[in-house]
Amino acid sequence: RSFDCSGTLLLVFHEMPNTVLVNRRMIFWVELIMILSKCSGEAVQNTCDATDQRSQNSGESNRCDEQLQPKVLSNSVMEQPYLTLNNGHKIPALGLGTWQSKPNEVKLAVETAIDAGYRHIDCAMVYGNEQEVGEALKTRIGSVVTREELFVTSKLWNTQHDPRQVLPACQRSLNALGLEYLDLYLIHWPIAFANPNLNFENNFPREPDGKMAYVSVPLEDTWRAMEQLVDAGLVRSIGLSNFNSQQVDRIVAIARIKPVALQVECHLHFQQKKLAQHIAQHNIVLQAYSPLGTGMAALFEDPTIARVAAHHHKTPAQVMIKFQLQRGFVVLPKSVTPERIVSNLNVFDFTISDEHMELLLSLDQNSRQIVPKIDVNGEKVFRDSAHPDFPFHLEY
């Protein structure tokens, strides 16, 4: 179809009837973005034509191409970088996070992401939405992508650290996702929760006094059970999440199969510089979750980030994602909003300069946000700090 840009918005919203199927909503959003980009391009071109005429008349150089060229969603979103893991497998550097994605929203989010070009989906059993993620994968594998083109991650929850529970937990995630294997399986936290009946009934067990019910399971024992998943062909790679440097070293010291990745909170106000340097010695890739912060409006209001974004005609979110990509990390922004999912992927057509990277690196505040907290005598404290494997007593 051709559109008159003067009436684009009216036409698009008028023509979006209820008969459009849910799994085609993404087409609408992508089409809308492309239409708006087209119309923006026409407006910019008209301005550039006028500027070019004035430049010719005045003899001045025309910098319109540099300053006004619109950033249109392009095929660059399909040309994503991959990182090579220490076992030779490749991982897409940008993935869709599914944490806090509500039921009845995550299916569309995953479908939108795959249609837009994402090839990496990050999941976890405790998120409570793997069944719906699996429904989305079923609609796209074989029609939009092959299974081999997708990289799917899940995580072992705290109640399944007992080596006898590792295989059943992995199989539970595989069944929910409708997959025969996982590309990556992580130990979600180093902290083990009590699960005397070895079941899946309670992800957050509590003592009679209401406190969390903990047990101490050697991390090394859990890791050896993770290695058996690779032996069985259920998992291609295994790794860690929310571990500190010493805990990583403990696993590396006994590993028959090395961890390929460490997934941790990482954003511009919490840049994990020392931890990243430490795990790089083991050739372990850092995966950045919450790269846009979680409920951190200050990041989006930061003038330095805004200045870098304006320089590249990008959004602050796109700059925050690109910053982590240029550090060599895997980045996992999460969203269930179709236009944001698409926008977050449109980061492969620009490069942040060394000067701007230094400015962004200077924003680090060592501000960790993703730690479960409870109220004790009116004060917020770390919920799990009494556990012997609580990871955040160390600096990194």
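The values are calculated or read from the model by the stated rules, or taken from the named source; none is laboratory data. Given the structure is predicted, the values throughout are model-derived calculations rather than measurements. Backbone-built Cβ (ideal geometry, glycine too); neighbour counts: all protein chains shown. Accessible surface areas use protein heavy atoms only, side chains included; no ligands, DNA or RNA. Shrake-Rupley method; radii C 1.70, N 1.55, O 1.52, S 1.80 Å.
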Length gain on complete extension for the stretch Arg307 to Tyr181, per 0.36 nm per residue less the alpha carbon to alpha carbon distance?
-> 41.0 nm
What residues qualify as long-range amide H neighbours of Ala261, i.e. H under 5 Å apart, gap of 5 or more or another chain, H built at 1.01 Å from N?
-> Leu240, Val285
Along the range 338-354, what does the Karplus equation 6.51 cos²θ - 1.76 cosθ + 1.60 (θ = phi - 60°) give for ³J(HN,Hα), rounded to whole Hz, x for Gly and Pro?
-> x, 5, 6, 4, 5, 4, 5, 7, 8, 10, 9, 10, 8, 10, 6, 5, 4
Enumerate the amide H contacts of Tyr289 below 5 Å, restricted to partners 5 or more residues apart or on another chain; note that Pro and chain-start residues carry no placed amide H.
-> Val264, Glu265, Cys266
For His161, which sequence-distant residues (separation of 5 or more, or a different chain) have an amide H within less than 5 Å of its own amide H, given hydrogens modelled in the peptide plane?
-> Phe193
Once phi is turned into ³J(HN,Hα) by the Karplus curve 6.51 cos²θ - 1.76 cosθ + 1.60 with θ = phi - 60°, what whole-Hz value does each residue of the range 280-292 show in order, with x for glycine and proline?
-> 4, 5, 9, 6, 9, 7, 8, 9, 9, 9, 6, x, 9
Computed from the beta carbon distance with a Förster radius of 45 Å, FRET efficiency for Gln171 and Thr351 to the nearest 0.05 stands at 0.60
Efficiency by 1/(1 + (r/R0)^6): what FRET value for Gln281 and Lys380, r their Cβ-Cβ distance, R0 = 35 Å, to the nearest 0.05?
-> 0.55
Can you work out the accessible area per residue across the range 86-150, with the rest of the protein chains kept in place, probe 1.4 Å, in square angstrom?
-> 38
Could you work out the Rg to Rh ratio of the range 197-347, with Rh taken as the Kirkwood radius (inverse of the mean 1/r over all Cα pairs)?
-> 1.05
One finds, for Asn203 and Asp249 with R0 = 25 angstrom and r their Cβ-Cβ distance, a FRET efficiency to the nearest 0.05 of 0.30
For the residue pair Ala298 and Lys211, what label-to-label distance in nm results when each label sits 7 Å from Cα along the Cα-to-beta-carbon direction?
-> 3.2
Pairs over 25 Å Cα to Cα, from Lys90/Lys258; Lys155/Lys373; Lys322/Lys373; Lys107/Lys380; Lys314/Lys380; Lys107/Lys334, come to Lys322/Lys373; Lys107/Lys380; Lys314/Lys380
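Report the gain in length on full extension from Leu359 to Lys102: 0.36 nm times residue separation, minus Cα-Cα distance, nm rounded to one decimal. Working shown, then result.
Numbers: separation 257, 0.36 × 257 = 92.52 nm, distance 3.55 nm.
Once the chain is fully extended between Leu359 and Lys102, it gains 89.0 nm.
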